[in-house]
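Laboratory data are not the source of any read-out in this text; all were calculated from the coordinates shown. Please read these numbers as outputs of a predicted model, since none were measured by experiment. FYI the Cβ positions are ideal-geometry reconstructions off the backbone, even for glycines, and counts take in every protein chain you see.
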Amino acid sequence: MDFSIECKNLNKIFLGDGVETYALKNVNVTFNQGEFISIVGSSGSGKSTLLSLLGTLDIPSQGEIYFGDQKINQLKSRKLADFRFEHIGFIFQQFHLLPTLTALENVMSPLMARKVQYNKKERAESLLKQMGLKDKCNALPSQLSGGQQQRVAIARALVHEPSWLLADEPTGNLDTETGETIFQLLQKLNKEKECGVIIVTHDPLLAERADLQIEMKDGEIIREHRSVRNA
Amino acid sequence: MLKFIWNSWWRNKEKFILVLVGVLILSIGLSYLVGITQANNGTIVDELQKRWKSSYDIVVRPQGSRSVTEDLNLLEPNYLSGLSGGITMEQYEKIRKMDSIEIAAPIAMIGFTNNDVKLDQVNVTIPGVYRLKMTEMNNNGVIKEIDEGDFYFTVGKWKPSDSGKEYGTAEFDGSLSYGSYLLLAGVDPEEEAKLVGLDKAIIKSENSRYFIKGDTAEEISLDATIKDTSIPVIMSKKEYADSRISFVVEKLDIPFQSGEQQKSMENVRNNGGLEFLKKQKGIVVEKRTFTTSQAQKKVVEQIMNNQSTLDDHSKFVALKPSPVDYRPIDSPFKDRWTFSYEITPFTLPEDSLIKVDQAYRHVNMFGDDFNSWLRLRVDPVGIFDPTKIKISKDPLTELPMETYFPAKAQLVMDADETPVNPPRTMKPENNPYGFLTKPPTMLTTLDAAAKLLGDKPIASIRIKVKGVNQLNKESEKLLKQVAKEIEKETGLITDITLGSSPQPALTHVPGIEKKKSIGWVEQPWIKLGSSISIFKETKVGASSFIITVLLVAIVYVFSSNLIMMYARKKEYAVLLSLGWRPNQLSKLLFIESTILGSIVSIISWLILGYIYLSNDIDTSTGRILLIGVFGLFIYWIGTLVPAMLVRNIQPYESMKAGEISKGKRYFKSQTPIGISNNYMLTRWKRSVLSILSIALPSTMLIFFIFVTFRLKGVMYATWLGQYVALEVGPMHYLAMGIAMAIAILTTLEIIWQNVVERQPEFAVLKALGWRDETIRRMILFEGGMNGLIAGIIGLLLALLTIIKVYGQFPTNEFFILLATIIIPILAGGIGAVIPSIKAVKIQPYQGLGGGYNNSRRAEKRFKYVFAMGGACLFAGIILLLGSAIPVTINSANTSETADPVQGTKGKVIEVYKTSPSKEKPDKKNNNVTGFSAYYDSAYERITAGEQFSMKNDFTDEIYFTIDIGKDLSSKREDKPKEGYKFISVPFTFTNYEEVTWLMKPYTFQLIDSKGNKYNAKDWKVIEKENWRGLTQLVGKGKASLITTYEVPEQTDNLILVLSYTNLPGDIVVDIK
């Protein structure tokens, strides 16, 4: 199966007080399966909007998104939820861990309402172990540091083995050192698990290390650069 | 999923505690409400078995003094005051001498006189023509009737040559006097002293004493034929009538200086005398107002000071006491009043000296001209205080059997059968023939009464029998024996009053004198014989507050869920972005509400189980199940909308970072209050929830307060065709307390959420230097504002309810009700306290943090709050157990109902018509033929010569018949008036049953095609058998009579309308 994502003439328009604002304007881009992609741009350039459309968190105003051969922007919310569950793992800038759940429970949370073939708890525990949080299984988010929290969030995004990991400024709330650790973790996952990673970031240094770098401004892609190193 | 729910509860303790408090309040509220409904069960039947201990055992009355009401063993209250003579002194002596008689106290009702006394003097010296305007106001407790009159006099040298009639003026000495009608009665001083201790009730002083042997009536001859009788009297200290008179002296604008007086008065005479004076404008010179009580006080004062002027001149006694003519009718509310009567008003003959056309009692005069009236000189020997008379004073019933107090009467419904709230107590009128009359307040000796009244002075004798103290079989036997003996010896009628009991009866007071009916009056009647009287009262009210509490509960659960949803919006968005399906979120909410609802049900079951088991109350399993379903139902209903809304949450909301609340500007945000108002308006849907939840119990509370204050706790109303009492007690307030507590919780949740959402805003404001106090006030203001709006809405709704149910704007109580707005404001404020604490705790550095942090201190504090809440709830439960149970037991014991009692039957007449000449022709009847209206409403229509028969529709058994003769030619000796002719209708009534049928031939009217009505001129009884008093056939019997009418000669088309109180319509007879 082809897990590449293709955007065709994507537009996202916000209506605010009678004024139409283009958050995305005519975006045409293809993300190949297993690639590590970075999206950079200043605030309000539309990078987070693009990410939320890719992750099916939101629907485009115009244009189409293809996941392989499947057109996903016309699915019903229930199908979309199932699609997200199967193919997308999300990582947020603010981590968005559920505050009332322990680290382990947070990792298990996407599986809570689903029937799966594997043992949910074992899977979650092994993921936390991979993230180096074996001893933090029963800690609440408030008892974890920022880096630890983001690692729990990554574990949560990976628990159902998605084909794509979407990360919205995963290092934005972290210090440089911790940020670097998280970034390396993502790179490692990209290689080992063969899942594609799309990362939105401010940091040009981090962005340069991606296979494909996309730069956005005012809702448009102004530069698309494929890194030579990894090509 | 369950674990997830539990975690989200348990790890967010502040919220969880609130949820639990809500659950507890709901469960207690529910079990309480069920307790109430179980106790009330719609109807409470209170059975009251109560007997009077009257001061006499047997009452002896003359033959023919029984009224229709006695068919059902009922005596009207104060029936003794309406009797006039009938027993001779010999009969009395005979009874007194009987061995078994301990006391035989006769009472001779003589008649009505007045106690007019000079109260002031008008001091007008400036020459002029004056008008004396007299306005009398009689207050019978329901209506204040105004009676006006005027009178003209002159001051100056000018005097008319004779009476001055042609000038319209009269002599006036300037004295202003006033007084009321008094009922004069004769008693045997010795026996009365023994019976009720009248001698002990005398106010002892130099000039006040009881009767002594030497007090006798003396005749004073004024000339050969006229003589006054001077009688010794003792007077009551009390005045029962509430009337006042105001005298206004006006100087008319007529020149009256010396010299022009003669000219002016000639001018007055030439212009019409009195008529001219009536048109003149005047300037008020003097004004005085006096009440009947002031007059009575003055009379008493004068007697006590030996200055009485009562015997200075002759007093006429023209009016004899008379009873009210009652007629049984269908009770409008049979469950409440089994017995209902209507007063048949008396229509005075046209030539009567009395200025009214109709009265509630038969106007009974000593004679048509003053020569036949009694002439008295009143010699007061003492003053008595009726409250000191030795009779058992039962405040519940106020002894309608005793002689010295006015009968109690309360107006309970107006003419439209709408309950009057609170029932209004009626006062005796200053009118001998009014509905409620005064008891005798001027007493003389029996000898004096005999001298005045002649042959048969005594109206009744109250008997006390030796050795009878208690009501038991022996005394009953003895009394029966004595009564029989009296009847045998004297031929008088007797009734045993020992063991009689109060029986509330409803009397319809119809309109007379073209006025509207007053309405329905409840009086404690006397039920003779040892019977049990039954008071039934249907109570409602449970439903109204159950609905209120349920609504408030649903609003609470709804807002609580909604708030929960808002609070966790981001969390849900995250879950969605992690791949949860939207319907799984709905499911999540429903599972939560199911758990909470089940907890409510379980707690309710526990509480009720405890109540029921410990009190041994039977209840149906269906009911128990219902209670359980109720809790679940509330939570499910409250979850419906949030469960739908949760599906609208979009996953991209998880991407929004540190979103500042969206807002619109409605006000200038230049003050904290402006910021608050803008925020509340932005979130108006939430505010509406909070307002609604406070407004509902506020409405009920204000209404309850109104009932408590204005109506002394009970409001009467009609509900589903029943007369019901809404009794507001502690339980109602408790219920509203519970509802209010839930409302406070709702407000708390909503404002809490508002604070949470504005956390960054507050942090920024604090960082900008706002003080804690400002933020606290701002939040409290928001709560108070919600409360204020809720209070205003509640007040308006309550006022509407009051106007709807009570029928008038509560002007007097308005400020009390307005003050109660404090309660919802407080409720809103209290709801805002905890959120305000939270808002104050927000630190500037938390600007973008958000989220939940459960500090140890907060947890501790909430444990404290929780413990407090628990204690309050526990106290609430104890209170419930304490108050709910007695009611429940009560209902369990009173489930038996007494045997159905035969009530009264009859049709109500709103306004009694007067004589035909004064009747305006009825426009409706002036159609093609004037009779159609009568034909339409007729029960049956026959022609002269035919028979009307009343029979059982199923068995054809005949009850009674009325035959109307065909021969209408009168064979009379006298001649009709010029231009008139006689029409004589022969009637024959036949009664086939052993029951009494009312037959009042004199009420039948002839009506011509123009709608003119003719009353009977006279009637002649041809034949009679068991016919009594021209009104009724008592048992099987027959009466034939000829009633003659006088109608204009040209009239040929006539109908005879037989108004029949026992029939649903009139019998109309065509007469050619």
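So if I take the centroid of the Cα atoms in the stretch A:28-62 and the same for the stretch B:338-383, what is the distance between those two points in Å?
106 Å
Quick check: from the Cα gyration tensor, does the stretch B:129-243 come out rounded (a/c under 1.5), prolate or oblate? The partial results should precede the final answer.
Numbers: a/c = 3.06, a/b = 1.66, b/c = 1.84.
The shape class here is oblate.
Mind checking the mean number of beta-carbon atoms from other chains within 10 Å of the Cβ atoms in A:137-144?
1
As an exercise, use a Förster radius of 56 Å and the Cβ-Cβ distance of B:T225 and B:L800 to find the FRET efficiency, rounded to the nearest 0.05.
Taking R0 as 56 Å, the efficiency between B:T225 and B:L800 is 0.20.
When the Karplus curve 6.51 cos²θ - 1.76 cosθ + 1.60 is applied with θ = phi - 60°, which whole-Hz ³J(HN,Hα) does each residue of the stretch A:206-219 get, with x for Gly and Pro?
Rounded to whole hertz, the list is 5, 4, 4, 7, 8, 5, 10, 10, 10, 10, 10, 8, 6, x.
Which trypsin sites (Lys or Arg not before Pro) in the stretch A:128-231 sit in a loop by DSSP (not H, G, I, E or B) and have at most 13 other Cβ atoms within 10 Å of their own Cβ? Working shown, then result.
On the way: sites: A:K129, A:K134, A:K136, A:R151, A:R156, A:K188, A:K191, A:K193, A:R209, A:K217, A:R223, A:R226, A:R229; in loops: A:K193, A:R209, A:R229.
Taking the stretch A:128-231 and a limit of 13 other Cβ atoms within 10 Å, the loop trypsin sites (Lys or Arg not before Pro) found are A:R229.
Out of all DSSP beta bridges with both ends in chain A, state the antiparallel percent to the nearest 5.
Roughly 55 percent of the beta bridges in chain A run antiparallel, per DSSP.
For A:G34, what residues show an amide H to amide H distance below 5 Å, using hydrogens built from the backbone and excluding near sequence neighbours?
The answer is A:G196.
Once phi is turned into θ = phi - 60°, what whole-Hz ³J(HN,Hα) does the Karplus curve with 6.51, -1.76 and 1.60 give for every residue of the stretch B:194-201, x standing for Gly and Pro?
Computed from phi, the couplings for the stretch B:194-201 are 5, 6, 10, x, 4, 4, 7, 8 Hz.
Excluding same-chain pairs closer than 8 in sequence, count the lysine pairs in the stretch B:962-1039 whose Cα atoms lie under 18 Å apart.
Close lysine pairs found across the stretch B:962-1039: 22.
Express the relative contact order of the stretch B:942-1072 as a whole percentage, based on alpha carbon pairs under 8 Å and six or more residues apart in sequence.
Relative contact order for the stretch B:942-1072 comes out at 25 percent.
With the Cα gyration tensor of the stretch A:1-80 giving a ≥ b ≥ c as the square roots of its eigenvalues, does the rule (a/c under 1.5 for rounded; else a/b larger than b/c for prolate; else oblate) give rounded, prolate or oblate?
Judged from the Cα gyration tensor, the stretch A:1-80 comes out oblate (a/c at least 1.5, b/c at or above a/b).
Per residue of the stretch B:830-843, in order, report the coupling 6.51 cos²θ - 1.76 cosθ + 1.60 (Karplus, θ = phi - 60°) as ³J(HN,Hα) in whole Hz, putting x for Gly and Pro.
4, x, 8, 4, 5, x, 5, 4, 4, 4, 5, 6, 4, 9
Counting only other chains, and only Cβ atoms inside 10 Å, what mean value do you get across the residues of A:108-114?
Partner-chain Cβ atoms within 10 Å, mean over residues of A:108-114: 6.
Name the long-range amide H neighbours of B:G179: under 5 Å, sequence gap of 5 or more, or other chain; modelled H, no Pro or chain starts.
Result for B:G179 returns B:V117.
Gap in Å between the Cα centre of the stretch B:413-458 and the Cα centre of the stretch A:166-209?
Distance between centres, Cα-based: 105 Å.
Is the C-alpha gyration tensor of the stretch B:224-273 telling us rounded, prolate or oblate? Criteria: a/c under 1.5 is rounded; beyond that, a/b larger than b/c is prolate, otherwise oblate.
Judged from the Cα gyration tensor, the stretch B:224-273 comes out oblate (a/c at least 1.5, b/c at or above a/b).
Tell me the net charge near B:Y992. Cut-off is 11 Å between Cβ atoms, B:Y992 excluded, with +1 for each Lys or Arg and -1 for each Asp or Glu.
Its environment carries a net charge of 0.
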